[in-house]
Amino acid sequence: MKFFRENIRLIITWVIILVVAILGSVFVNLGMEWFSGLNKPTEWVPNFVIPIVWTTIYLLFAVIFYLLYKNDLVTKGIIVLGLLNAIFNVLWCLVFFALNQLLLGNIIIIINVILGVLFVVEINKSNKWYTNLLWLYPVWLSIATSLNLAVWILN
């Protein structure tokens, strides 16, 4: 019980990360049949890579938040930007895959890239080493954005 009381913020953060991962996966799976019928660019990320990268990103978030809380480095900015990124990740999965809205999905993911960069920059204020690990997130979002834009153009 003592661990729970002392780490309630961390536990809530981990639950949010888990919920984001699960909701995103559910929304993506809802739209996979529709998505598989779309025209895609010839240069496409192999399907098996996508869940590996997202799992790595979510694990990085969990570890980095643990380290931030452990070292008392969590700021209001990190929390706000972390929550905004979580919301926009889920929103993109919902809009793009479940609702099949290519244009709106692209707008959301572009906002998500911007938020992702801001999130990493905010963490950089607390710890530069954590930032080096987290650059994977906005880089991956940028790759996803280019693929999303290509799908929109081709369809």
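The values are calculated or read from the model by the stated rules, or taken from the named source; none is laboratory data. Bear in mind that the values here come from a model prediction, so they are computed numbers and not experimental data. Cβ atoms come from the backbone with ideal geometry, glycine included; neighbour counts cover every protein chain shown. The area values use the complete protein model at the heavy-atom level, side chains included, leaving out ligands, DNA and RNA. Shrake-Rupley method; radii C 1.70, N 1.55, O 1.52, S 1.80 Å.
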Select from Val49, Val15, Val95 the residue whose mean-square fluctuation is largest in a Gaussian network model of the chain (Cα-Cα springs shorter than 10 Å). Val49
Reciprocal of mean inverse Cα separation for segment 31-70 (Kirkwood radius, Å): 12.6
For the chain, what does -39500 (n - 2.57) per DSSP helix run (n ≥ 4), summed and divided by total residues, give at 222 nm, in deg cm²/dmol to the nearest 500? -26000 deg cm²/dmol
Segment 1-88: radius of gyration and largest Cα-Cα distance (Dmax), Å: 16.5, 54
Run the dipole for segment 1-123 about the Cα centre, Lys and Arg Cβ at +1, Asp and Glu Cβ at -1, nothing else charged, and hand back the magnitude in debye, nearest 20. 340
Proximal lysines to Lys70, defined as alpha-carbon separation beneath 29 angstrom and excluding residues fewer than eight positions away on the same chain: Lys2, Lys125, Lys128
Two-decimal log10 I(q)/I(0) for segment 84-129, as the Debye equation yields it once each C-alpha is a single scatterer, q = 0.15, 0.28, 0.32 Å⁻¹: -0.42, -0.90, -1.04
Per residue, how much accessible area does the chain have with a 1.4 Å probe, in Å²? 57
Net charge near Thr131 (other residues with Cβ under 13 Å of its Cβ; Lys, Arg +1; Asp, Glu -1) is +1
For segment 51-128, state what percent of all Cα-Cα pairs lands in each successive 5 Å bin, counting from 0 Å until the bin that includes the largest distance. 3, 15, 21, 24, 18, 10, 6, 3, 0
Would you mind telling me which residue in Ile114, Ile52, Ile17 has the biggest mean-square fluctuation in a Gaussian network model of the chain, where springs connect alpha carbons within a distance under 10 angstrom? Ile52
Multiply the residue separation of Trp152 and Asn47 by 0.36 nm, subtract the distance between their alpha-carbon atoms, and state the gained length in nm to one decimal. 36.0 nm
Any chance you could run the full-extension gain for Glu33 through Lys76? It's 0.36 nm times the residue separation minus the Cα-Cα distance, nm to one decimal. 11.5 nm
Karplus-derived HN-Hα couplings along segment 80-95 (A = 6.51, B = -1.76, C = 1.60, θ = phi - 60°), whole Hz, x at Gly and Pro: 4, 5, x, 5, 4, 5, 4, 4, 6, 5, 5, 4, 4, 4, 5, 5
With a cut-off of 8 Å between alpha carbons and a minimum separation of six or more residues, what is the relative contact order of the chain in percent? 32
What's the carbon and sulfur percent of the chain's accessible surface, probe 1.4 angstrom, rounded to a whole number? 72
Give the Rg/Rh ratio for the chain, taking Rg as the radius of gyration of the Cα atoms and Rh as the Kirkwood radius, to two decimals. 1.00
